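This report refers to the structure that appears directly beneath it.
The values are calculated or read from the model by the stated rules, or taken from the named source; none is laboratory data. Not measured: the values here are computed from a predicted model. Neighbour counts run over all protein chains shown; Cβ positions are idealised from the backbone, glycine included.
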Amino acid sequence: MLEVRHASKIYGSGPARVAALNDVSLRVEDGDFVAITGPSGSGKSTLLNVIGGLEKLTGGQVILDGRRIDDLSENALVDIRRKKIAYVFQQYHLIPSLTALENVLLPLTFGASNGHAEQRAMELLRRVGLEKRAGHKPSQLSGGEQQRVAIARSLVNGCTLILADEPTGNVDQKTGIEVLQLFEQVNRDGVSIIMVTHSPEIAHRARRIVSLRDGEVVSAG
Amino acid sequence: MKLLQVVFKDALRRKRRVLYTALGVAIGVAAFVAVLTVARAGEDRVYAEIDKYGPNLMVTPAVSDLDLQLGDLRLGTLAIGDNYFAEEKLLEVRRIADDAIREALDIQDEGDIATIAPKLYVDTELQGTSAMVVGIDPEQERLVKTWWIVSEGRYVEQADEAVLGARASASLRLGVGDTLLLGGEQTTVVGVLGETGSNDDYHVFVPLPTVQRLFAREGLVSAADIRALCSACPAVDIADMINEEIPGVRAVAVRQIAETEMNLVNKVNRFMITLAGITLIVGAFGVVNTMISSVHERVRDIGIMKAVGASRRQIVRMFVYEAIGVGVIGGLLGYAAGTLLSYVIGPLIFDDLAVAYELQYLGPALGLAVLVAAVASVYPAFRASQIRVAESLRSL
Ligand SMILES: Nc1ncnc2c1ncn2[C@@H]1O[C@H](COP(=O)(O)OP(=O)(O)O)[C@@H](O)[C@H]1O
Ligand SMILES: [Mg+2]
């Protein structure tokens, strides 16, 4: 279970001071699927970043499975990224020099690989419907395909929480629905998902919707 | 998939950048290889010249014995043309030289080892012009003067035969078959030597006993060349022993004479090595520079890798792997370029120097290149490891 308690994040100081998050609290049960919506600049990305430890909080706490993770050292955060939290980005963020299969394998290269790495990566590619594209470089894949590779990559470590920042923001609506269906499938397998989205249609397919405005939670379902 | 493979694939995509970085390493390494190769060839040439000169040692009469003194008044050394020592002293010289060589090379052989070529110089008049007649042991002399060639006729064999230096033959207008009146006796010119560029060209060579008899210098010689035919022979030690044990002669190791020349070579070498060192450092800064820009280019990739679980250490390790690759490529390029460069600058520094590539420098060149690349990658790797994921991914 993930819990965000009274999180605040302030960028800059003086006249450049921006309160990106202001006393945000949130609970995400295991196996939950939360959609985060809100206008641009409302703090959605910042919220995901502080949950995953990509940015430090100015105040408040993040607790994952009963343990504070907002004050962890860099090495401890690496451990969390290898075992518990994975990311999916709007821009896919695949490594251009690696093939689809290698991109899926990458987390196992850094973390502990149990020997069946390639098999597992291939299986995940099959699951996202890209087994035929295993040997293709990102530049040879469409946006939707790249995002599916990124989802396979986020699953390879067996993480229990996926943070997805506008994963459908760069693809057309039809492809967006396909990507969403993949997330739904993954969620059915027990992985918690927190997904930022602009699309009300996609947000409504999540179990819960949390809306942000000016760094504050304005409605939580 | 291993970390090394990730680095390799990434490097393949950035071939040009990697090559460019490797060039920074290669420049310094090339300078070093070129300098060392040229220096080596220069040194080899000095020693080759010494070897070509023939003897390892020269024995002459002890001139200091001829210091002139009048009461307390020193009149200096009298330089006289006729200046000899007893031929039998050469037996002792041989004993000392052979013993020393036996010891140095650890051989038991009882026979003669060193080549000892005695010479008796007599300044005389031939055909109405002054000429230098040199009494030699034909066989031993030939062993010392390995570069001698007989351009006409044959080499001297009998007591009443002479062989002429090229210039002597021309100035005396004597050729093969002509006779020569030496001290009142007929001597036949049997051969003429090819030009050597040394004093030998002006000399008339006749067997030693003949010269001793004809010029009434029985049992005397002017000098002797000693050749040990081994580069490890302790020529300086032998010279010292001869000087200590045999009165009336002075022995000099040719290598001692050559040392002055070596000093100059060494000075030039030191200067060039300093230049190479500076080149290496400048090249290393170039490497740091290109590596930092390659960190900038890869900010996003590094951020992604960290986001999917790469630790700082792993990021550093990836840079170290790349540095090793860059070092190996730079080392190979540097070795090749340095060798080529030495073929160009060698003859400019030591005229007409024949440069030979030195395969033995390949290993050190690679080692140096990897070291430079590794050191140069420390700071960029550190910078890369400090990249913050949120910022790196937002920036694009
Ligand atoms: N690194 C930063 N430095 C300064 N301000 C930032 C930084 N990151 C985000 N912000 C500001 O924080 C606010 C929230 O940003 P963000 O979380 O990216 O919003 P969203 O993802 O909802 O569009 C915005 O006003 C943005 O300008
Ligand atoms: Mg955002």
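Looking at this structure, is A:Lys44 within 11 Å of ligand 2 (Cβ to nearest atom) and of a type in the set (Lys, Arg)? So A:Lys44 fits the description; yes.
Scanning segment B:187-199 for residues that are at pLDDT below 90 and outside any loop (DSSP other than H, G, I, E, B) turns up just one, B:Asn199.
Exactly one residue out of B:Leu393, B:Leu353 is modelled with pLDDT under 90 and within 14 Å of chain A (Cβ to nearest Cβ), and it is B:Leu393. Got at least one residue in segment A:184-200 being away from ligand 2 (no atom under 16 Å from the Cβ), more than 11 Å from the chain's Cα centre (by Cα) and more than 23 Å from A:Arg27 (Cα to Cα)? Scanning segment A:184-200, I find no residue that is away from ligand 2 (no atom under 16 Å from the Cβ), more than 11 Å from the chain's Cα centre (by Cα) and more than 23 Å from A:Arg27 (Cα to Cα), so the answer is no. Considered as a group, the residues in segment A:158-203 that are of a type in the set (Val, Ile, Thr) and in a helix (DSSP H, G or I) include one that is nearest to ligand 1 (Cβ to nearest atom), and that residue is A:Ile202. You will find that of A:Ile85, A:Ile80, A:Ile95, A:Ile63, the residue that is β-branched (Val, Ile, Thr) and away from chain B (no Cβ under 11 Å) is A:Ile63 and no other.
On the stretch given as segment A:26-46, residues that are in a loop (DSSP other than H, G, I, E, B) and aromatic (Phe, Trp, Tyr) total 0. Scanning segment B:209-235 for residues being assigned to a helix (DSSP H, G or I) and crowded, with 17+ Cβ neighbours inside 10 Å gives a total of 5.
How many of the residues making up segment B:291-315 are surrounded by fewer than 19 Cβ atoms within 10 Å (Cβ to Cβ) and more than 10 Å from chain A (Cβ to nearest Cβ)? Of the residues in that region, 5 qualify.
Restricted to segment A:205-221, and to residues that are in a strand (DSSP E or B) and aliphatic (A, V, I, L, M), which residue is nearest to A:Ala7 (Cα to Cα)? This residue is A:Val217.
Of all the listed residues (A:Asn157, A:Asn170), the sole one being within 16 Å of the chain's Cα centre (by Cα), within 14 Å of another protein chain (Cβ to nearest Cβ) and within 16 Å of ligand 2 (Cβ to nearest atom) is A:Asn170. The single residue among B:Val308, B:Val372 that is in contact (Cβ under 8 Å) with a residue 24 or more places away in the chain and among the β-branched types (Val, Ile, Thr) turns out to be B:Val372. Checked against the criteria, A:Gly53 does not count as away from ligand 2 (no atom under 12 Å from the Cβ), more than 23 Å from A:Glu74 (Cα to Cα) and either within 21 Å of the chain's Cα centre (by Cα) or surrounded by fewer than 17 Cβ atoms within 10 Å (Cβ to Cβ) (or both).
Residue by residue, here is whether (1) within 16 Å of ligand 1 (Cβ to nearest atom); (2) within 23 Å of A:Val186 (Cα to Cα) holds:
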site: A:Asp30; (1), (2): no, yes
site: A:Thr37; (1), (2): yes, yes
site: A:Thr46; (1), (2): yes, no
site: A:Thr58; (1), (2): yes, no
site: A:Ala86; (1), (2): no, yes
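Within segment A:18-31, count every residue that is buried (at least 18 other Cβ atoms within 10 Å of the Cβ) and more than 16 Å from ligand 2 (Cβ to nearest atom). Residues flagged as buried (at least 18 other Cβ atoms within 10 Å of the Cβ) and more than 16 Å from ligand 2 (Cβ to nearest atom) within segment A:18-31 amount to 3.
The lone criterion from (1) within 16 Å of ligand 2 (Cβ to nearest atom); (2) within 13 Å of another protein chain (Cβ to nearest Cβ) left unmet by A:Gly38 is number (2). In segment A:204-221, of all residues being among the aliphatic types (A, V, I, L, M) and more than 15 Å from ligand 1 (Cβ to nearest atom), the one that is nearest to A:Thr46 (Cα to Cα) corresponds to A:Ala220. A Cβ distance below 6 Å, combined with a sequence gap of six or more or placement on separate chains, defines the contacts here; from segment A:31-56, residues that are closer than 19 Å to B:Leu393 by Cβ reach residues that are near ligand 2 (Cβ under 10 Å from one of its atoms) and assigned to a loop (DSSP other than H, G, I, E, B) in the pairs A:Lys44/A:Gly38. Can you confirm whether A:Ala164 is in contact with a strand residue (DSSP E or B) (Cβ under 6 Å, 6 or more places away or on another chain) and over 19 Å from A:Lys83 (Cα atoms)? Taking the combined requirement at face value, the residue does not satisfy it.
Is it the case that A:Val104 is more than 16 Å from ligand 1 (Cβ to nearest atom), surrounded by fewer than 22 Cβ atoms within 10 Å (Cβ to Cβ) and either modelled with pLDDT of 95 or more or within 7 Å of another protein chain (Cβ to nearest Cβ) (or both)? So A:Val104 does not fit the description; no.
Conditions (1) assigned to a helix (DSSP H, G or I); (2) within 14 Å of another protein chain (Cβ to nearest Cβ); (3) farther than 20 Å from B:Leu366 by Cβ, marked per residue:
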| site | (1), (2), (3) |
| --- | --- |
| B:Val6 | yes, yes, yes |
| B:Lys9 | yes, yes, yes |
| B:Leu12 | yes, yes, yes |
| B:Arg17 | yes, yes, yes |
| B:Tyr20 | yes, no, no |
| B:Val25 | yes, no, no |
| B:Val33 | yes, no, no |
| B:Ala41 | yes, no, yes |
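Considered as a group, the residues in segment B:313-359 that are among the acidic types (Asp, Glu) and outside any helix (DSSP H, G or I) include one that is nearest to B:Val265 (Cα to Cα), and that residue is B:Asp351.
Suppose the filter is surrounded by fewer than 22 Cβ atoms within 10 Å (Cβ to Cβ) and within 13 Å of B:Val211 (Cβ to Cβ); does B:Thr124 pass it? The answer is yes for B:Thr124. When the residues of segment A:107-126 are filtered to those that are within 21 Å of the chain's Cα centre (by Cα) and within 8 Å of chain B (Cβ to nearest Cβ), the one that is surrounded by the most Cβ atoms within 10 Å (Cβ to Cβ) is A:Pro107.
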